[in-house]
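For reference, the structure is listed below as structure tokens.
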Number of protein chains: 2
Amino acid sequence: MTGPVDGRAEGAAPPGAAGDLTMEDVAAAAGVSRTSVSRVMLGQKKVSEETRRKVFAAAERLGYVPNVLASELASRGTSTIGLLLRDAANPAYGLLFTQLQEAAHAADLTLVSMTITADDRGRRQVASLHRLMGMRVAGLIVATGGVTSEQLEPFRARIPIMRAGRPETTDVIHAVSYDEQHAGRTLADHVAAARHRDVAVLVTAESESFPEYVRATAMAAALAGHGVRIIPVPVRSDPRDGVGEVVSLAREGRVTAIMCPSDYRQLEVLRALAAAGLSVPRDVSVSGCDGVLWGADLLGLTTYRIPVEQLAARTVSHMARLIAEDTPAGVVSERLAGALVPGRTVGPPSNEES
Amino acid sequence: MTGPVDGRAEGAAPPGAAGDLTMEDVAAAAGVSRTSVSRVMLGQKKVSEETRRKVFAAAERLGYVPNVLASELASRGTSTIGLLLRDAANPAYGLLFTQLQEAAHAADLTLVSMTITADDRGRRQVASLHRLMGMRVAGLIVATGGVTSEQLEPFRARIPIMRAGRPETTDVIHAVSYDEQHAGRTLADHVAAARHRDVAVLVTAESESFPEYVRATAMAAALAGHGVRIIPVPVRSDPRDGVGEVVSLAREGRVTAIMCPSDYRQLEVLRALAAAGLSVPRDVSVSGCDGVLWGADLLGLTTYRIPVEQLAARTVSHMARLIAEDTPAGVVSERLAGALVPGRTVGPPSNEES
DNA sequence: CTGAAAGCGCTTACAG
DNA sequence: CTGAAAGCGCTTACAG
């Protein structure tokens, strides 16, 4: 902490004066060439112990941090991989985000992420996508449905791109996703096994949330297979959509169970049911999907736990391989199944129904 | 989509062959100079409509995306601001993350974030910090206690650095934080008002979570002010720490209320209480803190909602100002208060106690 | 309005 | 083991 070479004072350092420390500065301070500084910073072998020591000392003293922009530009390579994420406020995405970070770290890959908020479909997503591509990331993980396969198309040949969490339909882009079919089917089997014969299913529009759409559709199909009468209630993104309707159906005794394609929706239904004075599961059973909510067990939610951790690990390991590989083999396409989480919100139908 | 200038085929584009599209390529394709392409891409005024059109057409056709590394290196400037985040699996941090993204977007700032997982204090945090500094971000938002003020010190003079969400003690780094004192006090007042006279308080070690430590300490102080007898139970990071102990205290009738410095801990306590056959709030009252859990209302949690949205907005607006400012004015230091969320987990003490 | 040229801060063969 | 020099893909005065 003594004798700053460049005249910058320690302690209350002059604001803008910081200029920008350069390898040149470190080289001068250490009394070696720029090349040597570079070698040391890159941790290359062929450097004498003495040089290494001098360089580290100088760098430390000056508070030098290599400019990664210049570094990556010169070496035309990042090990950084980009992540396009959807609103992390959604617990499932927040968890996925964390898990991806951890997996990436374990694989010694750095993740740089940009989030996209739902309220702005299209333009903003693409801007973020371009920004990430502009950073010349080594690979891209797309964990949002907001970016279409067509928008990814132009970059497919440049770097490995993987969808994470969303069923990919094109079969030309790598994807590891949740087995939403299995989720829907499993939940439906559970409800049918509880002997419900009249069930309302919230069906999210395909364009609003593809995963929810697939789940709901699978639920309906499985229920039908069990000979259950279904009342589909189409909904959009808003988790309160259709809630009033299913509550009415329950109150009128037209259904004994309500199946939701996500836990947020399930929570909304539970709230509305409570407000309407209906008891769960006595008056009506309710199920959701996701299983990542914090107090879900205390609430006794009946749901399906999606394998977030596994998905993150698989995504990253595939990505690592794709980056390392010279010739891309086939297209990755994995579907990961989770498991039913039986709760207290599903029980047998009461017999008081009409 | 016709006649790729560089011989790259459309459709199933040759993998590695992508080389890297350069401004030069676009210039050639458009029949103008590199300078003109640059001007167009930067959206500068002094370019003829014709040139602009040709450049855009060529860029579009080739699928060109400017290399931001080179761009920022040459212009020595990013508008990108770095975010050092703590494990986003924690709902409070996940929400903060999203809100920061939104606020940044509204302020036309790009956020690039790196997450740090709790299991690796120190080294990894610093590595991420350095990486972000290496990217020469225009500013840095630190939303994790894992990085100390000393570690930030060397960079304080280079770019604006702001703590978000953590009470900063040094008074030399900008910070906008939650008013944890207010949180603790408010909750304690609520519990005392319910006439509890013997209360267990989970007190997180200062080194494990400073915010929780401050909350808990404030709770204890406020309770003491009300003449309440306190049994402090020291805990570490693990949310299950101390849970067994407070449950025993409750079972033995030595306390009629348990105050937790976070909602995760509250959930753990509720689980353990249920497992022990104790009823809440009949046998014992419980409170938490954070208020960001999804089904908190359904659970009837008694908690304190921290103003995440407001914190994100303030942080970003200060950051935007600091970046724009030539001469840094004073040190930002804001504390934001939230509000009590009364729930069903706190009630008057039963009179059956010893 | 347009271009040739220098420079941003690094890395990397290439010679010592 | 060490350095001088060219080059990474852009931007930006500077002259037209």
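As I understand it, the value is the acute angle between the Cα axis of helix B:91-106 and the longest principal axis of the Cα atoms of chain B; what does it come to in degrees, rounded to 10?
Between helix and principal axis, roughly 40 degrees.
If I fit a long axis through the Cα atoms of helix B:180-193 and take the longest principal axis of the Cα atoms of chain B, what angle between them do I get, 0 to 90°, rounded to 10?
30
For the stretch A:241-251, take each phi angle, set θ = phi - 60°, evaluate the Karplus expression 6.51 cos²θ - 1.76 cosθ + 1.60, and give the result in whole Hz per residue in order, putting x for glycine and proline.
Running phi through 6.51 cos²θ - 1.76 cosθ + 1.60 with θ = phi - 60° gives 4, x, 5, x, 5, 5, 5, 4, 4, 5, 4 Hz.
Give me log10 I(q)/I(0) at q = 0.13, 0.15, 0.23, 0.28 Å⁻¹ for the stretch A:16-75, Debye formula, one equal scatterer per alpha-carbon, no solvent.
-0.31, -0.40, -0.91, -1.24
Using only Cα atoms, locate the centre of the stretch A:134-191 and the centre of the stretch A:202-245, then give the distance between them in Å, rounded to an integer.
Cα centroid to Cα centroid, the span is 21 Å.
Going by amide H atoms built from the backbone, whose H comes under 5 Å of the H on B:VAL235, apart from near neighbours?
Excluding prolines and chain starts, which carry no amide H, the hits are B:VAL203, B:THR204, B:ALA205.
Just add up the charged neighbours of B:GLY139: K/R +1, D/E -1, any other residue whose Cβ is under 12 Å from the Cβ of B:GLY139. Write out the running numbers ahead of the final one.
Numbers: positive: B:ARG136, B:ARG156, B:ARG158, B:ARG321; negative: B:GLU325.
With Lys, Arg at +1 and Asp, Glu at -1, the neighbours total +3.
Around A:MET135, which amide H atoms from residues at least 5 apart in sequence, or from another chain, sit under 5 Å from its own amide H, with H modelled in the peptide plane?
Distant-sequence amide H within range of A:MET135: B:VAL68.
Quick one: net charge around B:TYR213, please, counting Lys, Arg +1 and Asp, Glu -1 for every other residue with C-beta under 10 Å from its C-beta.
With Lys, Arg at +1 and Asp, Glu at -1, the neighbours total -3.
How much of the DSSP bridge set in the protein assembly as shown is antiparallel, in percent, rounded to the nearest 5?
10
Give the angle, between 0 and 90 degrees and rounded to the nearest 10, that separates the Cα long axis of helix B:123-134 from the longest principal axis of the Cα atoms of chain B.
40
With respect to the symmetry axis carrying chain B onto chain A, which residue of chain B exhibits the smallest Cβ distance to that axis, and what is the value in whole Å?
B:GLY94, 2
Ignore the peptide's own chain and count Cβ atoms of other chains within 10 Å of each Cβ in B:73-79; give me the average, rounded.
For this peptide, the per-residue mean of nearby foreign Cβ atoms is 2.
Percent relative contact order of the stretch B:173-278, based on C-alpha pairs within less than 8 angstrom and at least six residues apart? Walk me through the intermediate numbers first.
Working: 162 pairs, mean separation 32.6, N = 106.
Relative contact order of the stretch B:173-278: 31 percent.
Counting only other residues whose beta carbon sits under 13 Å from that of B:ILE230, what net charge do I get with K and R as +1, D and E as -1?
Value of the local net charge: +2.
What does the average come to when, for each residue of peptide B:296-306, you count the partner chain Cβ atoms lying within 10 Å of its Cβ?
Per residue, the number of nearby Cβ atoms from other chains is 2 on average.
Under the definition of Cα pairs under 8 Å and six or more residues apart, what whole-number percent is the relative contact order of the stretch A:16-75?
35
Using a label point 7 angstrom from Cα along Cα-to-C-beta, what distances in nm, from shortest up, separate A:ARG254 from the other copies?
Result for A:ARG254, in nm, nearest copy first: 5.8.
Just tell me how shielded B:61-69 is by partners: mean number of partner chain Cβ atoms within 10 Å of each residue's Cβ, no decimals.
6
So, in nm, how far is label B:GLU50 from label A:ASP189 when the simple model puts each one 7 Å beyond its Cα toward the Cβ?
Taking the simple label geometry, B:GLU50 and A:ASP189 are separated by 7.0 nm.
I want to check the label-to-label distance for B:VAL126 and A:ARG344. Put each point 7 Å from Cα in the C-beta direction and report it in nm to one decimal.
5.0
Which of the lysines could a cross-linker span from B:LYS45 if the Cα-Cα distance has to be under 27 Å and same-chain partners fewer than 8 positions apart are dropped?
B:LYS54
Over the stretch B:214-354, what is the mean sequence separation of C-alpha contacts under 8 Å (at least six apart), divided by residue count, expressed as relative contact order in percent?
Normalised by residue count, the contact order of the stretch B:214-354 is 24 percent.
Would you kindly work out, in nm and rounded to one decimal, the distances from the label point of A:THR170 to those of the same position in each other copy, ordered shortest first, with label points 7 Å along Cα-to-Cβ?
Distances between equivalent label points, in nm: 4.7.
Classify the stretch A:180-306 as rounded, prolate or oblate, taking a ≥ b ≥ c as the square roots of the eigenvalues of its Cα gyration tensor: rounded when a/c is under 1.5, otherwise prolate if a/b is larger than b/c and oblate if not.
Rounded is the answer for the stretch A:180-306, as its axis ratio a/c remains below 1.5.
Under the rule of at least 5 residues apart or a separate chain, name every residue whose amide H is placed under 5 Å from the amide H of B:ARG335.
The answer is B:SER177.
How large is the translational diffusion coefficient of the protein assembly as shown in µm² per second when you combine the Kirkwood radius over alpha carbon pairs with Stokes-Einstein at 20 °C and 1.002 mPa s? Could you put the intermediate results ahead of the total?
Numbers: Rh = 28.1 Å.
Reported coefficient: 76 µm²/s.
Sort B:GLU208, A:GLU180 by Cβ crowding within 10 Å, fewest neighbours at the top.
B:GLU208, A:GLU180
Residue by residue, what Karplus-based ³J(HN,Hα) values in Hz, rounded to whole numbers, does the stretch A:40-53 have, using 6.51, -1.76 and 1.60 with θ = phi - 60° and x for Gly and Pro?
Listing the rounded values in order: 5, 4, 7, x, 6, 6, 5, 9, 5, 4, 4, 4, 4, 4 Hz.
For A:ARG197, project a label point 7 Å along Cα to C-beta. Then give me every residue of the stretch A:255-290 with its amide nitrogen under 16 Å of that point.
It comes to A:255-257, nothing else.
Provide an ascending nm list, one decimal, of label-point separations from B:PRO232 to the equivalent residue in each further copy; define each label point as 7 Å from Cα along Cα→Cβ.
Label-point distances to the other copies, shortest first: 6.1 nm.
Before rounding to the nearest 500, sum -39500 (n - 2.57) across all DSSP H runs of length at least 4 in the protein assembly as shown and divide by the residue total; then give [θ] at 222 nm in deg cm²/dmol.
Helices in the protein assembly as shown give a 222 nm mean residue ellipticity of -12000 deg cm²/dmol.
Among A:SER75, A:SER317, A:SER287, which comes first, then next, by fewest other beta-carbon atoms within 10 Å?
In order of increasing Cβ crowding within 10 Å: A:SER75, A:SER317, A:SER287.
Assuming a ≥ b ≥ c are the square roots of the Cα gyration tensor eigenvalues, decide whether chain A counts as rounded (a/c under 1.5), prolate (otherwise, with a/b larger than b/c) or oblate.
It comes out prolate by the Cα gyration axes.
Fewest first, what order do B:ASP290, B:ASP171 take by the number of other Cβ atoms within 10 Å?
By the 10 Å Cβ count, ascending: B:ASP171, B:ASP290.
Each value in this text was obtained by applying a stated rule to the coordinates, not by laboratory testing. Just so it is clear, the structure is predicted and the values come from calculations on it, not from any experiment. When we count neighbours, we look across all protein chains shown, and the Cβ atoms used for this are built from the backbone with ideal geometry, even at glycine.
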